[in-house]
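The structure appears below as structure tokens.
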Amino acid sequence: DYINQAEILHISSFVDNAQLEILLELVNKLDSSVKISFSPGELYAVKGLRTLTPILARTYVLFTNEKEVEQLTGKDFRTGAEVCLKLGCHTVVITLGKGISWKSVMATSYIRNSQREYMVEPAGKETVSARDTIGAGDAFAAGFLYGLVNGKPLDECGRLGDMVARFSITKTGARQGLPTLNQLSQRYRETYGKGL
């Protein structure tokens, strides 16, 4: 009952198969009004589409990195995103590590839904020295979801995700570098000249 009050429920992978069974049961019992944000990670990506289809069919936002979507679908990231959309995902977000060059744009993430696709450039042009990339994908998802629940367009959600991930890699550990809302707002204003 408590979970069914959520607007968005973010779920990720666990090592134990019993946890996957609990997750599959939870997804079945969720009210249709609850949007699922899903980060399968490598632990679940290797399980393949057949195992994850019940979750993917209910997923509003799927977060993977380039390697994970290739493991999950056996396809490159753009075709893999298409496969996930056909399975029921509303939006697929794929982080691209340090970035890839695509049509003369350096992109750090790729976002696709049934209407559009976006290659998202980094939030700011400064080079960030990575102390530790553990948790960067989760930080990206947190920034993206912050934008989503605040009504931002998908490409802006991607830039917010990139911005939070850039904060996170500046310190050791998955949580140490995460910004406060004030820090994020200040960086956003400095980068884009407007408030969050």
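The values are calculated or read from the model by the stated rules, or taken from the named source; none is laboratory data. Keep in mind that this is a model prediction, so the values were computed, not measured. Here the Cβ is made from the backbone with ideal geometry for all residues, glycine too, and neighbour counts use every protein chain on show. When the accessible area is computed, the model is the full protein with side chains, heavy atoms only, and any ligands, DNA or RNA have been set aside. Shrake-Rupley method; radii C 1.70, N 1.55, O 1.52, S 1.80 Å.
Taking the range 167-179 as the range and being under 19 Å from Thr64 (Cβ atoms) and either of a type in the set (Asp, Glu) or open to solvent by 30 Å² or more (accessible area, probe 1.4 Å) (or both) as the test, only Ala174 passes. Apart from one condition, Leu24 fits all of (1) in contact with a Pro (Cβ under 6 Å, 6 or more places away or on another chain); (2) open to solvent by 90 Å² or more (accessible area, probe 1.4 Å); (3) not small (Gly, Ala, Ser); the exception is (2). Would a scan of the range 148-163 turn up a residue that is of a type in the set (Val, Ile, Thr), part of a strand (DSSP E or B) and either surrounded by fewer than 22 Cβ atoms within 10 Å (Cβ to Cβ) or modelled with pLDDT under 85 (or both)? No, that holds for no residue. On inspection, Met119 qualifies as modelled with pLDDT under 95, under 15 Å from the mean Cα position of the chain (by Cα) and either within 30 Å of Leu184 (Cβ to Cβ) or not polar (S, T, N, Q) (or both).
One residue stands out among those in the range 44-76 that are part of a helix (DSSP H, G or I) and hydroxyl-bearing (Ser, Thr, Tyr): the one that is nearest to the chain's Cα centre (by Cα), which is Tyr44.
Considering the range 40-75, the residues that are small (Gly, Ala, Ser) and crowded, with 17+ Cβ neighbours inside 10 Å include one that is farthest from Lys98 (Cα to Cα), namely Ala45.
Among the residues making up the range 1-22, those that are in a loop (DSSP other than H, G, I, E, B) and farther than 24 Å from Ala139 by Cβ are Asp1, Tyr2, Asp16.
Of all the numbered requirements in (1) at pLDDT 95 or above; (2) assigned to a helix (DSSP H, G or I); (3) surrounded by 15 or more Cβ atoms within 10 Å (Cβ to Cβ), Thr79 misses one, and that requirement is (3). Looking at the range 23-42, can you tell me whether even one residue there is closer than 22 Å to Ala136 by Cβ, part of a loop (DSSP other than H, G, I, E, B) and modelled with pLDDT of 95 or more? Yes, that holds for at least one residue.
Residues in the range 29-50 that are touching a residue at least 12 places away in the same chain (Cβ under 8 Å) and under 16 Å from Leu85 (Cα atoms): 9 in all. The residues of the range 90-109 that are open to solvent by less than 10 Å² (accessible area, probe 1.4 Å) and either in contact (Cβ under 8 Å) with a residue 40 or more places away in the chain or more than 16 Å from Gly137 (Cα to Cα) (or both), listed by number, are Thr91, Val93, Ser109. Hey, any hits in the range 36-46 for a residue that's farther than 26 Å from Ile94 by Cβ and of a type in the set (Asp, Glu)? No, the range 36-46 has no match at all.
Applying the condition of being free of Cβ contacts under 8 Å to residues at least 40 places away in the same chain and of a type in the set (Lys, Arg) to the range 180-196 and asking which residue is most open to solvent (accessible area, probe 1.4 Å) yields Arg189.
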